[in-house]
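Below is one structure, written out as structure tokens; comments come after it.
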Amino acid sequence: MTVCGWVNRRQLAAIEYLREENRVLHEQLGPKRLVFSDAQRRRLARNGKALSRELLNELCSIVTPETLLRWYRNLIARKYDGSAKRGAGRPRKAADLRDFILRMARENPGWGYTRIVGAMKNLGFTVGRMMVARVLAEHGIDPAPNRSKGMSWSDFLRAHWGAIAATDFFTVEALTLTGLVRYHVLFVIDLKTRLVHIAGIVHEPGGQWVMQVGRNLLDAASGFLLGKTHLILDRDPVFTAQFRRLLKDSGVQPVRLPPSSPNLNAFAERFVGSIRRECLDKLVVLGEHHLRQVVFEYVAHYHGERNYQGLDNELILKGSEPANDNGKVQCRQRVGGLLKYYYRQAS
């Protein structure tokens, strides 16, 4: 009993000292709010639970009894929290259904409500015709009979990709002895392969000149339009009715663009932008001969030495240099070093 009493007195003295230490800390901190980590909250909550509310009120603790008990309730709730073991929950089925319905309707103009319902069933979705109709109506998509009457340019190009070519002019101001002279460059581009053919360069194009260019393009032996069934062209007056009739008689259907619509001939416009940006805008062209030399040099660079982003960043025409990891790096230059191509020397 003597030993127990001695131990009890030492514990009471220690407790009293800790209480006084808490009071001093309170006085030092003043009204400043303490910020605890999760681990500190858990330790205080476990130790505070063993004491009664009355005893906690008597102690000059750094937190209130209500706060300690709230922390303890959160500790219990965390023990039985199974949210970490749950999966992702139900998928956003409504959003998936809507996206697939819209995709099928846009990519297949001839598909009606029932056809889309069947295609959705193949993907494991169960939808009704009324739901398909509602989704299409909310996004401004017509039913199949109206939707399939027209064809977008993208659908048209995909359906005839290997048989379509496009033609257009671009102009270049050349400095001559008589001053600035404007030259017109007529080119044709194969939409599938992106091959470009310079059909002619002339000061003033006319109907007869275009007719002769057309005959060259349609030549049975080496014409660039061999195997093509459609030629996209704008409404330039030089593309006369006689020229269009020549195309039809040779099995090439001329596709005339609507007025003021250069974006519908985007592949041709992209080539024009490339040759201007990479070559012509950085030169002072000195006459027709210089212009022809520059244009044909660029076309050779465009075909075999320039990676084309629309073709997965590959060359339009593969070079003759074999792949050789150990060969010395060489640089081929055109137009006075304005155009460069790097390759490895064959071993």
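General remarks:
- One residue stands out among those in the stretch 169-197 that are part of a loop (DSSP other than H, G, I, E, B) and among the polar types (S, T, N, Q): the one that is surrounded by the fewest Cβ atoms within 10 Å (Cβ to Cβ), which is T178.
- For the stretch 198-218, a tally of residues being without any contact (Cβ under 8 Å) to a residue 60 or more places away in the chain, assigned to a loop (DSSP other than H, G, I, E, B) and exposed (fewer than 14 other Cβ atoms within 10 Å of the Cβ) returns 2.
- Within the stretch 233-244, the residues that satisfy the criterion of being surrounded by fewer than 17 Cβ atoms within 10 Å (Cβ to Cβ) and touching a strand residue (DSSP E or B) at 6+ places or on another chain (Cβ under 9 Å) are R235, D236.
- Selected residue (only one of S148, S154 is modelled with pLDDT under 90, over 21 Å from G251 (Cβ atoms) and surrounded by 13 or more Cβ atoms within 10 Å (Cβ to Cβ)): S148
- Some residue of the stretch 302-309 being exposed (fewer than 13 other Cβ atoms within 10 Å of the Cβ) and small (G, A, S): no
- Boolean, S250 is more than 27 Å from Y298 (Cβ to Cβ) and surrounded by 14 or more Cβ atoms within 10 Å (Cβ to Cβ): yes
- Among the residues of the stretch 92-114, those identified as surrounded by 15 or more Cβ atoms within 10 Å (Cβ to Cβ) and without any contact (Cβ under 8 Å) to a residue 24 or more places away in the chain are M104, N108.
- Meets criteria (farther than 24 Å from R182 by Cβ and hydroxyl-bearing (S, T, Y)) for Y308: yes
- The one condition from (1) surrounded by 15 or more Cβ atoms within 10 Å (Cβ to Cβ); (2) part of a helix (DSSP H, G or I) that H289 does not meet is (1).
- For the stretch 115-138, the set of residues classified as surrounded by 13 or more Cβ atoms within 10 Å (Cβ to Cβ) and closer than 10 Å to L97 by Cα consists of M120, F125, V127, M131, V132, V135, listed by residue number.
- Checking A166 against (1) of a type in the set (A, V, I, L, M); (2) part of a strand (DSSP E or B); (3) surrounded by fewer than 16 Cβ atoms within 10 Å (Cβ to Cβ), the condition it does not meet: (3)
- Matching residues, the stretch 219-255, being aromatic (F, W, Y) and not in a helix (DSSP H, G or I): F224, F239
- In the set Y183, Y113, only one residue is modelled with pLDDT of 70 or more and in contact with an Asp or Glu (Cβ under 7 Å, 6 or more places away or on another chain); that residue is Y183.
The values are calculated or read from the model by the stated rules, or taken from the named source; none is laboratory data. Every value quoted in this text rests on a predicted model; they were computed, and no experiment measured them. Virtual Cβ from ideal backbone geometry, glycine too; neighbours counted across all protein chains shown.
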